[in-house]
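Please treat every number below as a calculation from the coordinates, not as lab data. A quick note: this is a predicted structure, and the numbers were derived from the prediction, not measured. Here Cβ is always computed from backbone atoms with ideal geometry, including for glycine, and neighbour counts include all displayed protein chains.
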Amino acid sequence: MAMLIPGRTQLKARLRTTLIALLTRETETPVDYDQPRGDAGLFGPRSLTWKVHADFPGMMAGGVCALMLQTLHPRALAGVYDHSNFREDLMGRLRRTTAFVAATSYAPQAEAARMIARVAQIHTRVRGVTADGLPYSAADPDLLTWVHVTEMSSFLAGFQRYRGETLTPAARDRYYRETARVAEMLGARRVPKSAAAVARYFARVQPELRFDARSREVLEVLQNIAVPVAGGVLAREVFIGAGAVLLPDWAATLMRRTRLQRLRAEAAARSLQLAGPALRAALSDGVVARSCRRMAVDPKRFQP
């Protein structure tokens, strides 16, 4: 009996189903991206935020890079280490971050505000003292700024690497100005709003950073994370390596990444670039397309 080979449409459907499950399983109440019509949300389709955040490969890799960077800040890491089940469900944490970024980027204003208020409320309960006796709170404006900057800089790096589009300096600055709005709504202060300001911010904060036992433990969990994507399109090594390649040189040095690790990350990046078209096609009717319909905009403008 001949083996039935799935057609292109079937493969796309399977990949889309798996990715949707991967990104949304066990998240909170679904966000309505369809109504009300004409509601541009916090940014709208003419923004750089919609453009950058529409590219799934870049956002996926950027999210991993941001998580790796966040392990370097002792007070920020303490909140994750002491108040989350990252050892059992790090993928769940990544899903929740994905849901937050998607909602604040594309959802109507009321839905975005609801998501921000919910996360801000959770932050008030995440507090404690580090192993060195330093008090921390997830609602600390400085820590909110750290998390925001690591994410936005990583998303921007991911877009340029995996979308293959180098943004102008003015466009990069515009992206940072736009996305600072979400951080400030959460309570962040002194949020850098240009590429130069982000570079100065990282230089200023580096003396506070360190790569310690807790950092290594979280990264070890990441190294063993289950990535249930059909067809082997995103093996775990690709998932992690494609993010690691985006690390700034100063962070890779602080994390003592070896030459072999860097070479493997480059190979992973090439694999993700090859898989990129299939991933984008699989999500061609996802959050971005729904938001475009809400705004009566052609979603093809966000597809390469």
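Assorted remarks:
- The range 72-225: C-alpha gyration tensor shape, a/c 1.5 cut-off, then a/b vs b/c: rounded
- Sorting Met152, Met295, Met59, Met185 from the fewest to the most surrounding beta carbons within 10 angstrom yields Met185, Met295, Met59, Met152.
- Our estimate of slack between Asp82 and Thr168, defined as 0.36 nm per intervening residue step minus the Cα-Cα distance, is 26.9 nm.
- Shape call, the range 56-95: gyration tensor on alpha carbons, a/c limit 1.5: oblate
- Residue order, fewest to most surrounding Cβ atoms within 10 angstrom, among Asp249, Asp140, Asp298, Asp55: Asp249, Asp298, Asp140, Asp55
- Convex hull volume of the chain per residue (C-alpha atoms, cubic angstrom): 140
- Equivalent-ellipsoid semi-axes of the range 201-304, from the Cα gyration tensor, Å, largest first: 32, 19, 13
- For Ser84, Ser153, order by how many other beta-carbon atoms lie within 10 Å, fewest first: Ser84, Ser153
- In this Cβ point-charge picture (+1 for Lys and Arg, -1 for Asp and Glu), the chain has a dipole of about 660 debye about its Cα centre.
- Viscosity 0.692 mPa s, temperature 37 °C, Stokes-Einstein D of the range 27-89 from Kirkwood C-alpha radius, µm²/s: 221
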